[in-house]
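What follows is a set of notes on a single structure, which appears directly below.
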Amino acid sequence: MPAESMPEPGTPGEPGTSAPRRRAGGSRRKPRSTRSTRSKALLITAWTAAGIVVLGGTGAGYLYFKLNGNIKTVDINQALGTNRPLKADNGSENILVLGSDTRSGSNKELGGGTDDGSARSDTAMIVHIYEGHKKASVVSIPRDTLVPRPSCTDAKGVTHAAATGVMFNSAYSTGGAACAVKTVESMSGIRMDHYIEVDFSGFQKLIDDLGGVRVTTTKNIKDPDSHLNLTAGTHTLDGQQALGLVRTRHGVGDGSDLGRIQLQQAFIKALVNQVKHIGVLSSPTKLYDLADTATKTVTTDSDLGTVKNLASFANGLKGISSSNMNMVTMPVQYDSADANRVLVDKAKARLVWTALKNDRTIPKAATKGTATGAAKGVVSSG
């Protein structure tokens, strides 16, 4: 679990600051400062971890226990108690996937920034697995969304009072994984059945272990902040380049977090396509390297916190291809009082949450006319 920390001082809308909210000069969103912004990925661990189950038949039982010891867990159920939305009884599952942004160790080397002992959730996705596990909807939650945060108790047992008008990613930095889950459940009315967290240094190594990911870009992407420089065309991205792509917000589009989400969603589809076709199980050495990296990279809820359970869960996702993944961004509108923040479009968001509760497809009307970035179509599968 991350150390207890508060969001950086002086950021409008976050707790611990009295800075006034300014009026935007226009309707177009302005790029934010070059404060380090790291976004991680995402579903790779679920698909690659499915290979771990093969180890059960190799006679390498000691490897199982070694991998089992790699996994970090958090007991979400105990932390949140019974005051939660009811679990859906329709065969579906909901998973909150977070990319955590720490500034220590290898993460500091990759992303820079001051090691202040804090961690933030710069990527958040609700993954809804439909009954039958043949298709999924993924709802990205912009980190800059101003939301009401319920009261939360952190890993040290300290209770933090509820707050309104705070950035979504402050839930994680305030109270860790349990607070992030509680905030998502509060705003959606949907119970999260599982929790998976990935840090970005582990994400980079996973991509390298996979041999890179092939993508095609329709525009040049250059962003010194994320160490990315791609010309338009087809590329096989190594781990560092892939990390740069899912982090960048200034290299292409309008410089917004919404544009970065569009790049992330396109990359995930390319990643899922590649994992399903490269035959990761053909080499025992490759399998072990992937399993070792995957289990070191993730933090899960306690129900998924063993190799057996994680592999069983991931194995159930193997039938979901990228063509059966509907990826949307939670409906938001730009905040007229602050061009660097967005507000939930409550009416349209209700369409999303209602659809997921009833295990139905998210209607197109839910995202029509909502705020969006300018990076759609820039990245596709190579």
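Using equal-weight Cα scatterers in the Debye expression, the normalised intensity of the range 189-285 in log10 at q = 0.21, 0.22 Å⁻¹ is -1.11, -1.19.
Taking 23 Å as the limit for the C-alpha separation, the pairs Lys87/Lys135; Lys134/Lys364; Lys72/Lys182; Lys72/Lys357; Lys222/Lys368; Lys134/Lys182 exceed it in the case of Lys72/Lys357; Lys222/Lys368; Lys134/Lys182.
For the range 164-203 versus the range 330-380, the inter-centroid distance based on Cα atoms is 18 Å. Packing-based ranking of 233-240, 83-90 yields 233-240, 83-90, ordered from highest to lowest mean Cβ neighbour count within 10 Å. Full extension of the chain segment joining Ala347 with Thr231 gains 37.8 nm, where the gain is 0.36 nm per residue of separation less the Cα-Cα distance. If you take all other residues with their beta carbon under 15 Å from the beta carbon of Asn90, and give Lys and Arg +1 and Asp and Glu -1, the sum is +1.
When peptides 304-316, 245-257 are ranked by their average number of other Cβ atoms within 10 Å per residue, the highest-first order is 245-257, 304-316.
Ordering of 173-181, 161-169 by packing is 173-181, 161-169, highest average first (other Cβ atoms within 10 Å, averaged per residue). Scattering from the range 315-359 was approximated by placing one identical point on each alpha carbon and applying the Debye formula without solvent; log10 I(q)/I(0) at 0.19, 0.23, 0.33 1/Å stands at -0.75, -0.86, -1.10.
Multiplying the residue separation of Thr159 and Ala365 by 0.36 nm and subtracting their alpha-carbon distance yields 70.3 nm.
Readers should treat all values here as calculations from the given coordinates under stated rules, not as data from a laboratory. These figures come from a predicted structure and were not determined experimentally. Glycine gets a Cβ as well: all are built from the backbone with ideal geometry, and neighbour counts include every protein chain shown.
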